[in-house]
Structures are given as C-alpha cells and as structure tokens.
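Visitor: Sending over a structure as structure tokens; questions will come in a sec.
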Amino acid sequence: MAATNPQTEPRSRTLSIHVVTWNVASAAPPPDLSDLLQLHTPNLNLDVYVIGLQEMNCGIMSLLSDTAFEDPWSSFFMDVLSPLSFVKVSSVRMQGLLLLVFAKYQHLPFIQILSAKSTPTGLFGYWGNKGGVNIFLKLYGYYVSIINCHLPPHMANNDQRLEHFDRILEMQNFEAQDIPNILDHDLILWFGDMNFRIEDFGLHFVRESIKHQCYSDLWEKDQLSIAKRHDPLLREFQEGPLLFPPTYKFDKNSNNYDTSEKKRKPAWTDRILWRLKRQPQADCHPPTLPGPHFSLVLRSYVSHMMYSISDHKPVTGTFDLELKPLVSAPLITLLPEGPCTTESDLLISYSLASDFLSSPWDWIGLYKVGLRHINDYVSYVWVGDNQVSFGDQLNQVYISLSDIPETEDGFLLFYYSNSLRSVVGISRPFKIQPRSFLEQDSLDEAQPQI
C-alpha cells in the first residue's frame, strides 16, 4: 500500500470496532441478534466487527456441510451485516472455534490480511477442541493481531489454562515472512471462553453477591485477575471493568444459574482483552490530552442477558481506535468509464501506485453493492486479459456485461492483489443501465425541442 507522504501528513481518524465473544454450546443462531451487534444503538457508527464463537456444532455431518457451504453462523452474520455495507474480510475455523472479521467496504484497500491460522492445544497438543484461531492483518499500515481462544475448563485446571495461554502466544511466529513478532504488533485483541473461575468463595456467597450486584469481592478471587498480579506479560493485557454478572453457567433457555445436580459456581469465563504496543495503557475514558498516533479507548464492555440458547451469555466490547494512517492512499485507483449498459462492455481504467507490483494473477471483480464477501462477485476479469491499453500511469481493461441481469442495484469494482491476498483498490458505486435506457435516451434526443 502506498506510503504516506510526510509533506501531506494525514489527519488522525477514529475507527469504531465491535468485538463479540460467545460460547454458543452447539446452538443455531437465534432469529434476532440486533442487541448483540448493537444495530439500533444511537450515534454508534461502527467500522469493523470482530466476532469469535466457541463450541459451534462440530459433529461429522455438520463439519462436512460447513466445508461445502458457509456455516449457519457465518451466513447469518453476512445476511445481517452486508446490507449495512459490511464485507467479510477474513475468517478461520478450527472445529468449534470460529473467528470472523467484517469491515465496511470503504476500508478494504487499507486492510491487508497477512495470516489466518489455528493453534490446537487439546489432547496432546494436537486436538482442536481447545486452543486458538488467529487472524493477523495490517490496518492502515499498523499490525493488528486478533485471537479467539477456548481454554481448558474446571476450577482445578487454572495452571493448565495459563499454560495454554502462553502456548498460543508462543506459536504466533512468522519466521518465514516479513512480519514482526506478535509482541511487536501495534494491537492484540484476545478474547474467548477463557474458562477462568472464582476461587475460595462458596456457591451461596457467589450467588448472593451476584443477586445484590456486589462484584468487588468476586473480582479479587477471579483467577485471571489473580494471574495478572503475578505474571508481568499477562499484566500487559488490559480489560474493562467487570460490571456485569458472571456469564457462566446458566440453564439453557433461561436466566437462571445452573440448577443441575452439579450446580456449577458462576464465573466470568468469557473475556475480552487487549494489548497496545509503544503507547501508554489504553484508558476506559476519553483522553483529555491529544492522543498518540495509535491509541485505543474502550467505550462499552457488557454481557447480553437476553440470549439464552447457550449456558454462556455473550460478551461484547466496543472500542474507538484512533490512529494516524501510515497508508493514506489506495495502491490502485479504479474508474469505470461510462456509459454502462447491459448491452456493452464495461471499460475500466485504473492507475497503480509507483511502489505497487502488479501480477498477471491480479483480478478486478464486479460486485453488487451489498456484497457478502470477496468471492461474491457478479463477474471478473484477470488484469492481463481483455486489456485495451496499458502504460506507466493508466491501464484499461474491459468486462463483458452481456450476461449481467438487468437490475436497479448499484455496482462496485474491486481490484484484488494476488501477492498481497487483499483488495487494494475500489471504485465509487455506479449504475449499469438497461438497454432500454439508451434507446429511450436516443429517442429523446431525436425529438424536436420546443
């Protein structure tokens, strides 16, 4: 991506990021997730969704179906978010763990996917029922690591949980790529069903404390809070205040804590952590002084009690990420040349940034506005094919529109770089007119003007 010219230093911008973590206990999506996704929250203009699920249905038939088609949860989120201009940027799944990243399409030329990988820590370190799934990307030139994890359960396994946490972190190396160590990334978002429990206190005391919303004593005995007091690296990971009830364990289809024979003690198992590099620790309140080039502010950290399909309640965190872009211009500038009709070819002009190396395997996709993901194109062309002209400054290719059905929908063009594995240029929305539009237009021109 084109580097910033120091003489035209870009202004800081703020990206709103909504993070979701939910152990769904093999359940299917409920009919309405508006509250979870904060769709009706006033004055909230989100730019990025980061969604991590644990314990998705991973039976044999379900996994085979999800391999051939989109899993039900991914499809649900795409159905809800694509009409709001969000595109699925990347995803990774390991058995019951799923991590999804959505962004408004305007941001796509400034998001480069570097890696998506799985780190199993289950049986003998090879089974994927526990572990982490990870997406690493560059966002406006900054390195961002996103990790969704599921750590070992039960009160007595705290040492094992911490060991798995360390192992997931250690496995995020990029020796074969020009990517810094994860601890040198500008931002790490780490969340999931971490399974940390509340020590010492008995079941009755914990439930009474929750009933009266007296959480301070419970915080002191929360295993993650205790571990952070003793582990310098873990202490670098920040978390918002736990002002919501413990999110586990509930009877399904209710807001009642476990009434089974086991009567498990409630705990804050579902957590969202973050770590910033180079900057002062993130604050939960707006800064009073001008922020640095890259800073994070937590706006909301809540659970959503209304959802009862699982024995866990989902947790969300909403952040404002303030940054001064290291990349301020897309690598490719795309321009459809009009008029565009379904009876003609679409001529596309595009120019390349001076530091961008194109490849014959790059392609330009034609999409309807409201696309779900990068493979949701209506048509495409390889940049080396259907080429009309090319030069140092301007290139032209064409896409046949003869097979495009007539529609009132708007369209977009995306330039996809094979080497960067990312979208590096987008066009403005435009219309493709039906043939009758031009015929009527020519008739109008033939009429005498009074």
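The values are calculated or read from the model by the stated rules, or taken from the named source; none is laboratory data. Just so we're clear, the structure is a prediction, and the values are computed from it rather than from any experiment. Glycine also receives a Cβ, built like all others from the backbone with ideal geometry; neighbour counts cover every protein chain displayed. Areas reflect the complete protein model, heavy atoms only, side chains present, ligands, DNA and RNA absent. Shrake-Rupley method; radii C 1.70, N 1.55, O 1.52, S 1.80 Å.
Visitor: Going residue by residue through the range 312-330, is there one that turns out to be within 16 Å of Gly425 (Cα to Cα) and modelled with pLDDT of 95 or more?
Guide: Looking through the range 312-330, at least one residue is within 16 Å of Gly425 (Cα to Cα) and modelled with pLDDT of 95 or more.
Visitor: Anything in the range 226-279 that is out of contact with any Phe, Trp or Tyr (no Cβ under 9 Å at 6 or more places or on another chain) and either at positive phi or outside the structural domain of Asp186 (by the TED database) (or both)? List them, or say none.
Guide: The answer is Asn253, and nothing else.
Visitor: Out of Val388, Val302, Val315, which single residue is open to solvent by 30 Å² or more (accessible area, probe 1.4 Å) and assigned by the TED database to the domain that holds Val50?
Guide: Val302
Visitor: Shifting gears a bit: Can you find a residue that is within 24 Å of Ile135 (Cα to Cα) and among the acidic types (Asp, Glu) anywhere in the range 377-397?
Guide: So far as the range 377-397 goes, no, none of its residues is within 24 Å of Ile135 (Cα to Cα) and among the acidic types (Asp, Glu).
Visitor: Which of the residues spanning the range 176-212 are at positive phi, surrounded by 16 or more Cβ atoms within 10 Å (Cβ to Cβ) and more than 19 Å from the chain's Cα centre (by Cα)?
Guide: Asn195
Visitor: Taking the criterion of being among the acidic types (Asp, Glu), closer than 17 Å to Pro434 by Cβ and not in a strand (DSSP E or B), would at least one residue in the range 364-377 satisfy it?
Guide: Checking the range 364-377: not a single residue is among the acidic types (Asp, Glu), closer than 17 Å to Pro434 by Cβ and not in a strand (DSSP E or B).
Visitor: Restricting to the range 232-242, name every residue that is open to solvent by 50 Å² or more (accessible area, probe 1.4 Å) and not in a helix (DSSP H, G or I).
Guide: Within the range 232-242, Glu236, Pro241 qualify.
Visitor: Of the numbered conditions (1) open to solvent by 30 Å² or more (accessible area, probe 1.4 Å); (2) in contact with a strand residue (DSSP E or B) (Cβ under 9 Å, 6 or more places away or on another chain); (3) assigned to a loop (DSSP other than H, G, I, E, B), Leu347 fails exactly one; give the number of that condition.
Guide: (3)
Visitor: Checking Leu224 against (1) under 21 Å from Asn158 (Cα atoms); (2) in contact (Cβ under 8 Å) with a residue 60 or more places away in the chain; (3) among the hydrophobic types (A, V, I, L, M, F, W, C), which single condition isn't satisfied?
Guide: (2)
Visitor: Next question. For residues that are polar (S, T, N, Q) and over 30 Å from Met194 (Cβ atoms), scanning just the range 318-341, find the one that is most open to solvent (accessible area, probe 1.4 Å).
Guide: Out of the qualifying residues, it is Thr333.
Visitor: Related question: Picking from Asn129, Asn148, which residue would you name as being open to solvent by 10 Å² or more (accessible area, probe 1.4 Å), touching a residue at least 24 places away in the same chain (Cβ under 8 Å) and in the same structural domain as Thr21 (by the TED database)?
Guide: From the options Asn129, Asn148, the qualifying one is Asn129.
Visitor: Follow-up question, since we're still on this one. Taking Met306 and the conditions (1) out of contact with any strand residue (DSSP E or B) (no Cβ under 9 Å at 6 or more places or on another chain); (2) modelled with pLDDT under 95, which numbered condition does it fall short on, given that it satisfies the others?
Guide: (2)
Visitor: Right, something else. I'd like the residue in the range 42-65 that is under 19 Å from the mean Cα position of the chain (by Cα) and part of a loop (DSSP other than H, G, I, E, B) and, out of all such residues, is modelled with the lowest pLDDT.
Guide: Among them, the one singled out is Leu44.
Visitor: I'm told Gln393 meets every condition in (1) surrounded by fewer than 13 Cβ atoms within 10 Å (Cβ to Cβ); (2) in contact with a Phe, Trp or Tyr (Cβ under 9 Å, 6 or more places away or on another chain) except one. Can you identify the failing condition by its number?
Guide: Going through (1) surrounded by fewer than 13 Cβ atoms within 10 Å (Cβ to Cβ); (2) in contact with a Phe, Trp or Tyr (Cβ under 9 Å, 6 or more places away or on another chain) one by one, Gln393 breaks only (2).
Visitor: Would you mind finding the one in Ile188, Ile210 that is more than 30 Å from Glu322 (Cβ to Cβ) and aliphatic (A, V, I, L, M)?
Guide: Matching residue, one of Ile188, Ile210: Ile210.
Visitor: What do you reckon, is Val92 β-branched (Val, Ile, Thr), surrounded by fewer than 23 Cβ atoms within 10 Å (Cβ to Cβ) and within 22 Å of Leu183 (Cα to Cα)?
Guide: Yes, satisfied.
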